[in-house]
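Worksheet for the structure shown next.
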Amino acid sequence: MSKFENKETALIHGGISIDERTGAVNIPIYQTSTYKQDGLGKMRGYEYSRTGNPTREALESLIAELEGGVAGFAFGSGMAALTAVLSLLHSGDRVLISSNVYGGTFRLLNKVFDHFSITYTIADTTDLEVYESQITEDVKAVIIESPANPLMTVTDIQAVADVSHRHGLLVIVDNTFMTPYLQNPLKLGADIVVHSATKYLGGHSDVVSGLAVVNSAELAEQIAFIQNSTGGVLGPFDSFLLIRGIKTLAVRMDRHVENAEKAAAFLSSHSAVKNVYYPGLESSQGYDINRRQAKNGGAMISFELKENYDINKFFESLELITLAESLGGVESLVCHPASMTHASIPADIRKKVGITDGLIRLSIGIEKIDDILADLENAISAAEIK
Ligand SMILES: *Cc1c(COP(=O)(O)O)cnc(C)c1O
């Protein structure tokens, strides 16, 4: 639990925020692989940087505090964090995944854990009855994203956690889209929260990293063992960058969300737009649930243009908003989920879960909103097939 009541303050002063030895107000980058021992078995708290590093430890204590967990762990990417968490499972186990999880999570289960006879089922976490019926004897865990990528589907985390726990499942929530500033899954009953810290937590599109936070000492011990054994740790410099990014998360998120709410309103009322997916819109699926479990709707928006608009032309006509993978940086990004972030999901499954070829996903940045809207307007008009 955080010693700070307000998240804005915890983001800056949480975890180990001052260097004990020198008083430095930024945790130094301990760029070292190993540590002097004063005699056999006489360590000064560290022995080797895969096992522990003071810069990484400062970050790990910070994310644990921000998510309200027992311990945090930093990895070389979001996928490395998920890999470590899924390494808790054994062959023969099955994982339920919510229907539009990140493409890489799907691929990890479909193409890698599959080798070890750990299987998955795409579950409907938005319908509790259907969901419960999908929990077969071999199901041991569930991975939830809320809002889920890219249709911004909202899942009632507390309700799904309650049903899952009745069946002894481990509840894992990927909180990348919301960040600990907007939503705290452990407080809603999850056992483990994971982040692609590459996105909002880093916030500047300059570091690839992943984080995991657990809610019990037992899980902490298991994940620490897996992290040290499998070795996908985050380096000291990247740990420093992440701590630096997290300090400004609240001010960045406030601006991201303010802009996203305006962009969603603009798209919703635009005559060229067919559908808008944004949990901050009152008309959207799961608006009430999201409002209850999160601070607001975040800053990710997906939408579709009407048939008489050429989507390629739209992408090519954008001048400010950059066509790129990833999200959550200060700059606005746009992507085409069917061919980019979700390309590793087979076309038939994409179609079934509603990821159409016309779907466009926006990560709204913190630029002046007028410039973002002008760029969208300009690209939409250029894309009209006359
Ligand atoms: C990007 C992303 C990941 C993967 O994280 P990496 O840091 O790219 O490995 C996982 N989940 C979600 C929701 C993401 O957006």
What is the sum of charges around residue 72, taking Lys and Arg as +1, Asp and Glu as -1, for the other residues whose C-beta is under 11 Å from the C-beta of residue 72?
-3
Amide H contacts of residue 120 (H built 1.01 Å from N, under 5 Å, at least 5 apart or other chain):
95
How large is Rg over Rh for segment 8-128, taking Rg from the Cα atoms and Rh as the Kirkwood inverse mean of 1/r across Cα pairs?
1.09
So which aspartates and glutamates can residue 3 reach, going by Cα to Cα under 13 Å and dropping same-chain residues fewer than 8 places off?
65, 67
Given labels modelled 7 Å from the Cα in the Cβ direction, how far is it in nm from residue 44 to residue 132?
5.7 nm
Sum up the lysine pairs in segment 7-247 that clear both bars: alpha-carbon distance under 28 Å and a spacing of 8 or more or different chains.
9
Using each residue's phi in segment 83-98, evaluate 6.51 cos²θ - 1.76 cosθ + 1.60 at θ = phi - 60° and report the 3J(HN,Hα) Karplus result to the nearest Hz, with x for Gly and Pro.
4, 5, 5, 5, 5, 6, 7, 10, 4, x, 7, 10, 10, 8, 10, 5
Within 10 Å, count the other beta carbons around each residue, average over each peptide in 253-263, 16-26, 145-155, 312-322, and list them highest first.
145-155, 253-263, 312-322, 16-26
Restricting to the chain, compute how many DSSP beta bridges are antiparallel as a %, nearest 5.
60 percent
For 94, 350, 361, 107, what's the largest-to-smallest order of accessible area, 1.4 Å probe?
107, 94, 350, 361
Please work out how much length the chain gains when fully extended from residue 312 to residue 344, using 0.36 nm per residue of separation minus the C-alpha to C-alpha distance, in nm with one decimal.
9.5 nm
Just the Cα atoms of segment 86-228: what Rg and Dmax do they give in Å?
14.4, 43
If one takes the longest principal axis of the Cα atoms in the chain, at what angle in degrees, from 0 to 90 and to the nearest 10, does the Cα axis of helix 217-230 lie?
90 degrees
Take the Cα atoms of the chain, build their convex hull, and give its volume per residue in Å³.
139 Å³
Sequence-separation-based contact order of segment 250-383, relative, with Cα cut under 8 Å and 6+ spacing, percent
29 percent
So, in nm, how far is label residue 319 from label residue 18 when the simple model puts each one 7 Å beyond its Cα toward the Cβ?
5.0 nm
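The values are calculated or read from the model by the stated rules, or taken from the named source; none is laboratory data. As the structure is a prediction and not an experimental result, all values here were calculated from the model. We place every Cβ from the backbone using ideal geometry, glycine too, and count neighbours over all the protein chains shown. Ligands, DNA and RNA are excluded from the accessible area calculation, which covers all protein heavy atoms including side chains. Shrake-Rupley method; radii C 1.70, N 1.55, O 1.52, S 1.80 Å.
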